[in-house]
1. Show the residue pairs that are 6+ apart or on different chains and have beta-carbon atoms under 7 Å apart, the first residue being within segment 169-193 and within 15 Å of residue 64 (Cβ to Cβ), the second being exposed (fewer than 13 other Cβ atoms within 10 Å of the Cβ).
2. Say we look at segment 128-147 and pick out the residues that are buried (at least 21 other Cβ atoms within 10 Å of the Cβ) and over 19 Å from residue 184 (Cβ atoms); which of these is modelled with the highest pLDDT?
3. May I ask you to list the residues in segment 42-72 that are touching a residue at least 60 places away in the same chain (Cβ under 8 Å) and part of a loop (DSSP other than H, G, I, E, B)?
4. Can you name every residue in segment 37-53 that is touching a strand residue (DSSP E or B) at 6+ places or on another chain (Cβ under 8 Å) and surrounded by fewer than 13 Cβ atoms within 10 Å (Cβ to Cβ)?
5. Within segment 148-187, count every residue that is in a helix (DSSP H, G or I) and either in contact with a strand residue (DSSP E or B) (Cβ under 9 Å, 6 or more places away or on another chain) or exposed (fewer than 15 other Cβ atoms within 10 Å of the Cβ) (or both).
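The values are calculated or read from the model by the stated rules, or taken from the named source; none is laboratory data. Since we're looking at a predicted model, the values are computed, not measured. Here Cβ is always computed from backbone atoms with ideal geometry, including for glycine, and neighbour counts include all displayed protein chains.
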């Protein structure tokens, strides 16, 4: 049976749509992990003081069959003045007209006191240790590309210009963490470490992620885990 031109074009259209759907869905299907722990918090069980993850607490941002990504949240790195962070990230403070929060907004020239504000940074992990990441929950920090972590309300962005927004907003918005670098695992690596008992896995908790007492965080979590789980 011969198809007329209009019918052939319709068939071609359907085939194209099906191929497009397969193209975008197959990678997701292949990488899908049935035991995905993204959004959870890892607490290191390592007793080796030479281990780079010794006594670390990590927020897991991504976990599938191909890779896992997380950010160490309890290792303060440097307390830097805003001006030092601008210099380190090679960006400029906001001027008279700056794209702040959303769209074009008038912004006063940053006064010296703002540039002298001290911001805490954290060692996020051994990969790309000079790369900036912002962990936050308030959308006003950035209108750039955002990675939304399911079931937590947590957002992560690499938008360096968010530093301008942090200074402009001050204490008007919810907490944030500036981390430099990240922790990464290849195919099956995190699953293997979990099977070996290298980590405790605990549910996401807002206060844990954004605590000001990060230095004591590992001790507090380990003590609670031992108390409730009787884990030796």
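1. Close Cβ pairs (under 7 Å, with a partner that is exposed (fewer than 13 other Cβ atoms within 10 Å of the Cβ)) amount to 184/127.
2. Out of the qualifying residues, it is 136.
3. Once the filter is applied, which keeps residues that are touching a residue at least 60 places away in the same chain (Cβ under 8 Å) and part of a loop (DSSP other than H, G, I, E, B), segment 42-72 yields 45, 46, 52, 53, 55, 56, 65, 66, 67.
4. Listed by number, the list holds a single entry, 51.
5. Matching residues across segment 148-187 total 6.
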